[in-house]
Amino acid sequence: MDYHGKLLEQLRRRIADWCPESTPIGDLFHSFFVNVEVLQFYESMVDHLAELSALLKAQYRALEAAAAKELAKMATAEKKIEEKGGSSSSSSGVSGSGANGSVSGSQSAAAAAAAKRQSRRLAPDYLLISTIQRIPRYELLLQRLIKNTGEEHADYASLSQALGKCVGRFFLELLGRICEIVVQKSALCFLRVL
């Protein structure tokens, strides 16, 4: 279930009819943080972090292998084009120089380097932690909204309540459990190196 996507869609609808003096958004955040399903989602994610990580890593390795295979195919095709470049370039209009539409070796290397950088951004542990990091980001967002909302504004109380739920006991405990798991995992990685 895409709880964050639903929240975003609700916010977009409110902003479409925005009136700074009267349009509330704090109630949307409050509803999000008291939603039992959202809490259960995060609890389940933390409880199964190791399994999720292993599953994502397996998928990641499969995608890397498929990408490596495709890059090898591209390199082979590129080499064939370069080999044929001298004999068929005048008849087909394709040149091995890279200036007339073919991919040069340096362009291919640049594409491979870019793909590698992108794959690091999509590394399994990054994907897992980025989902969990949304909670502290919501906290920062709510703090900024409150800072820029006058106490007399109709939405001030809702924003404050939402912030209270965001940094409430459940989410603090959840983040504490995540930190414990990360520390344990780091310790295991360190011991493997020794």
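The values are calculated or read from the model by the stated rules, or taken from the named source; none is laboratory data. As the structure is a prediction and not an experimental result, all values here were calculated from the model. For neighbour counting, all protein chains shown are included, and Cβ atoms are generated from backbone atoms with ideal geometry for every residue, glycine included. Heads up: the accessible areas ignore ligands, DNA and RNA and are worked out on the full protein's heavy atoms, side chains in. Shrake-Rupley method; radii C 1.70, N 1.55, O 1.52, S 1.80 Å.
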GLU83 and ILE132 label points (each 7 Å along its Cα→Cβ direction) are spaced in nm at 5.1
The stretch 1-70 - Debye-derived log10 I(q)/I(0), Cα point model, q = 0.13, 0.18, 0.24 Å⁻¹: -0.62, -0.80, -1.02
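What accessible area per residue comes out for the stretch 1-75, rounded to a whole number of Å², with a 1.4 Å probe? If you can, show how the numbers build up before the last one.
Details: 4930 Å² over 75 residues.
Here the residues of the stretch 1-75 average 66 Å² of exposed surface.
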Within straight cross-link reach of LYS80, meaning Cα distance under 17 Å, which aspartates and glutamates are found once same-chain residues fewer than 8 apart are removed? GLU70
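Quickly rank 73-80, 39-46 as a protection proxy: mean count of other C-beta atoms within 10 Å, highest first.
Packing proxy ranking, top to bottom: 39-46, 73-80.
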For ASN35 and LEU141, FRET efficiency with R0 = 22 Å and r from the beta-carbon atoms, rounded to 0.05? 0.80
